[in-house]
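The values are calculated or read from the model by the stated rules, or taken from the named source; none is laboratory data. Fair warning: this is a prediction, and the values are worked out from it, not measured in the lab. Glycine gets a Cβ as well: all are built from the backbone with ideal geometry, and neighbour counts include every protein chain shown.
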Amino acid sequence: MDNNLIAQSCLMLGGDWQLDRLRVESMTPDGSQRRFCRLIREDGCRRIAVAPPERDDVGLREAAAGWKIGRHLHAAGVPVPELIDFDEQSGLLVCEDLEDVRLHDLVVESGIGSVQVIQYYRQSVLELARMQVRGRENFDCSWCWDTERYDRRLMLERESGYFLQALCRDLLQLPIADQQIEREFSLLADQGQLADGSFFLHRDFQSRNIMVYQGRVRFIDFQGGRLGPAAYDLASLLIDPYAGLPQQLQRDLLELYFNELTSLVPYERQHFEAEYLVLAMQRNLQILGAFSFLSHRRGKQFFRQYIKPSLHSMQTLLARTSSDEYPYLKALIQQCLIDI
C-alpha cells in the first residue's frame, strides 16, 4: 500500500493516529487484487486499511459494497469487524483489526479432530444461520456491486462455466462435448434455482474467511454478499478444500446448522437436503474454476494444491446423485483427476 493511502487512513482515523507515530505492516491477500495494511499505534491500538487497485471502477464498487453491507451486518449483530470509516473517491476502508488467526490456521496447526477446532466450526454454523436470517432483514440489493441475487445466470456463467473454461479448457486443454455438458449444467442450474433465494448470502463462506478473535469466530470478505439460498454458504464451509472436513463431521455440522435455521424460520428438511446437494455441486464447480484461474492465469500457485482435493469432493457429491444423472460431468471429473 502506498504512502498516500497510509496518510489518508491516518486522516480518516484522526486523533492520535499520526503517521510519524505509527508502525505500518503490509499484508498479503489470498486471491484478491486489493491492497491491505495494518496500522499500529504506539499504545498498541491497531486498525486495518483496505483499498481497491488504483483506477479500478469495479474495485471501487466492490469497496462501497463492503462498506454498506458490513455496516448492515454489524448493526444486525452479525460477528463481522467494526467498519470505522470509508472514502468514496479512493475506496479506502478502515476497520477493526481482528489480528491474524483464521479458522484454517487452526485446522493446519491442531488438526481437524481438535476439540477446539470443532467447537469453532460449531460456532461458525450457528452464527451462519443467524447471519443469513438477520442479514436479509432490510437488506438493500442496491448495495451489491456484482449481482443482486444468486440466480441461474450466475450459476451457468460464474460457476459451471468458470469450471469448464478455467480448468477443463485453459489448464487441462481437454476436448469437450459442448452440447452434453451444457445440457447437464442447465439441469443443475434449473434445480438450483428452485431453492428459496431470499436469505443473505456471503458467497465465499470458507475457513480462510473466518477469523478467530478473543475466543469467537468473526466473518470477513462479505463484500460479495447478495440474496440467495441458505444451503449455499453452508456447503461452501463444509466442502471447503482448505480444511478437508471428514464426511461425518460434515453431517454433524449440517444437522446443527439445520436445527438452528429452523429455530429461526420454518424449512422443510427434505427440500433443504435436496437443495444442499445441488448447491454444493454448484459451489464445488466454482471452487475448481477459481483455483484453476488463480494458479494458471494469476500465477498464485498456493491454490494449485487444492484442485485435486476439490475434484475428489465433486466426485463424492456426484456419487450421491442417481446413476443416470450427470453422466458426462461424472466422466469429465474423472478425466480431470487423471490429467491434473
message: Can you pull out every residue in region 32-56 that is surrounded by 15 or more Cβ atoms within 10 Å (Cβ to Cβ), within 20 Å of the chain's Cα centre (by Cα) and not aliphatic (A, V, I, L, M)?
response: 32, 34, 35, 36, 52
message: Condition first: under 17 Å from residue 286 (Cα atoms) and either basic (Lys, Arg) or at pLDDT below 95 (or both). Now tell me which residues in region 203-232 satisfy that.
response: 203, 208, 226
statement: By residue number, the members of region 165-217 that are of a type in the set (D, E, K, R), surrounded by fewer than 17 Cβ atoms within 10 Å (Cβ to Cβ) and not in a loop (DSSP other than H, G, I, E, B) are 169, 170, 178, 182, 183, 190, 216
message: Kindly evaluate residue 290 against the criterion of being modelled with pLDDT of 95 or more, of a type in the set (A, V, I, L, M), in the same structural domain as residue 146 (by TED's automatic domain parsing) and out of contact with any Gly (no Cβ under 9 Å at 6 or more places or on another chain).
response: no
- prompt: Hey, any hits in region 261-270 for a residue that's outside any loop (DSSP other than H, G, I, E, B), under 20 Å from residue 148 (Cα atoms) and in the same structural domain as residue 161 (by TED's automatic domain parsing)?
  reply: no
- prompt: So which pairs qualify, if the first residue must be in region 11-29 and surrounded by 11 or more Cβ atoms within 10 Å (Cβ to Cβ), the second must be assigned to a helix (DSSP H, G or I), the Cβ gap must be under 6 Å, and the two must be at least 6 apart or on different chains?
  reply: 17/10; 19/7; 19/10; 24/6
- line: In region 322-340, residues that are over 25 Å from the mean Cα position of the chain (by Cα) and part of a loop (DSSP other than H, G, I, E, B) total 5
